[in-house]
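Here is the structure we will look at, set down as structure tokens.
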Amino acid sequence: MRRLFGRVAGSRAERLLREAHGTMTGVLYGIIGTALIQGALAAVGFWIAGMPAPFLLGVLAAMAAPIPWGVGLVVWPSALWLASEGDYAAAIFVFIWGIAPVGIVDNFVRPLFVRRSSRLPFVLVLLGLIGGALYAGVVGLFLGPVILAVTYALVREWAAEER
């Protein structure tokens, strides 16, 4: 990669590779960190609702979290089970809990992890994650922010040269 980037980007190659590496590291930490946070929040919601084995359900939610809408694969059946048991208040709580705190965490925590490892603005990180995931699925979660990070670094350097 260094040799290829060296031929394409010249003296900028090393900085661009560092930017790409930092962004990929941030995305990886973001996926893992967000999954752990979502799993913990889901477990708390299951515990509050009185679900059996809330820790196990939280672990399942954490394992499903990297998949788009993955936490819902655990939360929604749990809410349906509670409703089938006649506990409608707990079912509504689990459903809303799964959407509000648990589901929304993904949109804010993951970009913060990427932002810590890259010099991309928060909005570009968020757009890179969403656009990459929509375009190429799980692989796009990595490619979107990396492509934006390298492009942003190039534009930033070219703009600085023009001054």
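The values are calculated or read from the model by the stated rules, or taken from the named source; none is laboratory data. Small disclaimer: the values here were computed from a predicted structure and weren't measured. Cβ coordinates were reconstructed from backbone atoms using ideal geometry, including for glycine residues, and neighbour counts include every protein chain displayed. The area values use the complete protein model at the heavy-atom level, side chains included, leaving out ligands, DNA and RNA. Shrake-Rupley method; radii C 1.70, N 1.55, O 1.52, S 1.80 Å.
Is segment 10-19 home to any residue that is under 20 Å from the mean Cα position of the chain (by Cα) and at negative phi? The answer is yes; a qualifying residue exists. For segment 82-112, filtering for residues that are farther than 30 Å from Pro145 by Cβ and among the polar types (S, T, N, Q) leaves 1.
Within segment 8-24, is there a residue that is farther than 30 Å from Trp158 by Cβ, part of a helix (DSSP H, G or I) and in contact with a helix residue (DSSP H, G or I) (Cβ under 9 Å, 6 or more places away or on another chain)?
Of all residues in segment 8-24, those farther than 30 Å from Trp158 by Cβ come to none.
Scanning segment 8-24, I find no residue that is farther than 30 Å from Trp158 by Cβ, part of a helix (DSSP H, G or I) and in contact with a helix residue (DSSP H, G or I) (Cβ under 9 Å, 6 or more places away or on another chain), so the answer is no.
Quick one: how many residues across segment 30-68 are part of a helix (DSSP H, G or I) and either open to solvent by less than 20 Å² (accessible area, probe 1.4 Å) or closer than 25 Å to Pro111 by Cα (or both)? Residues flagged as part of a helix (DSSP H, G or I) and either open to solvent by less than 20 Å² (accessible area, probe 1.4 Å) or closer than 25 Å to Pro111 by Cα (or both) within segment 30-68 amount to 25. Tallying residues that are surrounded by 16 or more Cβ atoms within 10 Å (Cβ to Cβ) and modelled with pLDDT under 80 within segment 134-149 yields 2. Screening Val94, Val27 for residues that are in contact (Cβ under 8 Å) with a residue 12 or more places away in the chain, more than 30 Å from Tyr152 (Cα to Cα) and either loosely packed, with under 15 Cβ neighbours inside 10 Å or within 23 Å of the chain's Cα centre (by Cα) (or both) leaves exactly one candidate, Val94. Of all residues being surrounded by fewer than 17 Cβ atoms within 10 Å (Cβ to Cβ) and either of a type in the set (Phe, Trp, Tyr) or more than 20 Å from the chain's Cα centre (by Cα) (or both) in segment 69-79, which is nearest to Val27 (Cα to Cα)? Just the residue, please. That would be Trp69.
In this structure, Val102 does not qualify as more than 19 Å from Gly33 (Cα to Cα), of a type in the set (A, V, I, L, M, F, W, C), in contact (Cβ under 8 Å) with a residue 40 or more places away in the chain and crowded, with 19+ Cβ neighbours inside 10 Å.
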